[in-house]
Amino acid sequence: MTSPTPPAEPAYSDRTYRSAPGIAGGALLLALALWLGVDAVVQGSGNAPWLSLAVLLWVVPLIVAFSFRPVVLASADRMLVRNPFRTITLPWASVADVRAGYSSEVFDQSGAKYQLWSIPVSLRRRKQAARRRARDAAVGGQPQASVPADVADRARMAPTDQSIRDLRDLAEENAAREGAQGPVSIRWAYEIIAPAAAGAVLFVVLLIIG
C-alpha cells in the first residue's frame, strides 16, 4: 500500500523591484557618454583618443552600476539585494526589518543595515499619497464592498511604501520556512569595480605622461 502523496507546496515566483526613472536616466547618460567618447576617439588628436578611452572605461561601468544594476528580488526563501558595488542575499529568517525613511533599507538580525538602491524614496509621491488619504478621510470615503480593506489601503500609499510593505510581509510570512534559514551572504561586484578602477588609473597615468 502506497503512502499518500503530500500536497504540493504552492509555487512562488520572484518579485522584482527596479527603479524605472533610474534606468531611463542611466540609458540617457550612457548614450551621451558613448556619443562624446566615440567622437573624441575618432576626431581627437594626440593622446585625446587614449584619454577618451580611459574615461569610457572608467565612466561606463559606473553608469551601469548606479542605473541598470540595482534590483531587489524577493522569492519564497530569500531576498536578494543587488546594489551598485555588491550583492547581498538575505534568507527571510535573517531579516529583522524593512523600512523606508529618506531611503529604503533592510536590517538583518545583527543590526547591520543594507540600502535598497532600486527602491528610491520619493518625498513628492509620499506627500501626494498623504494628501489623498487626508482628502478621503475628510469626505468620509470608504472602499467599495468588493475591494478588500488592505488592498484599498495599499492603493493610498506611495509606491515605495507599497514595495516596503510587501517585502516586510514576505519576511514575516516566510521566515519559518525551512529554505528561508541561513546567514546573510555578500558578494562584491568586481566586474564593475575592476574596469572602473582600471579606467581611473589609466586616465591619471595618461595625464601625468601627457
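Does any residue in region 22-36 that is within 15 Å of W58 (Cβ to Cβ) come within less than 6 Å, Cβ to Cβ, of a residue that is open to solvent by less than 40 Å² (accessible area, probe 1.4 Å) six or more places away or on a different chain, and which pairs are these? Pairs found: L29/I63; L30/I63.
Can you tell me which residue within region 67-113, out of those that are among the hydroxyl-bearing types (S, T, Y) and more than 11 Å from the chain's Cα centre (by Cα), is least open to solvent (accessible area, probe 1.4 Å)? Looking at residues that are among the hydroxyl-bearing types (S, T, Y) and more than 11 Å from the chain's Cα centre (by Cα), I get S94. Does S3 qualify as being in a loop (DSSP other than H, G, I, E, B), surrounded by fewer than 11 Cβ atoms within 10 Å (Cβ to Cβ) and either basic (K, R) or modelled with pLDDT of 55 or more (or both)? Taking the combined requirement at face value, the residue does not satisfy it.
The values are calculated or read from the model by the stated rules, or taken from the named source; none is laboratory data. Being a predicted model, the structure only gives us computed values, none of them experimental. Every residue, glycine as well, gets a Cβ built from its backbone with ideal geometry; the counts of neighbours run over all protein chains shown. Accessible surface is based on the protein model in full, side chains and every heavy atom, while ligands, DNA and RNA are left aside. Shrake-Rupley method; radii C 1.70, N 1.55, O 1.52, S 1.80 Å.
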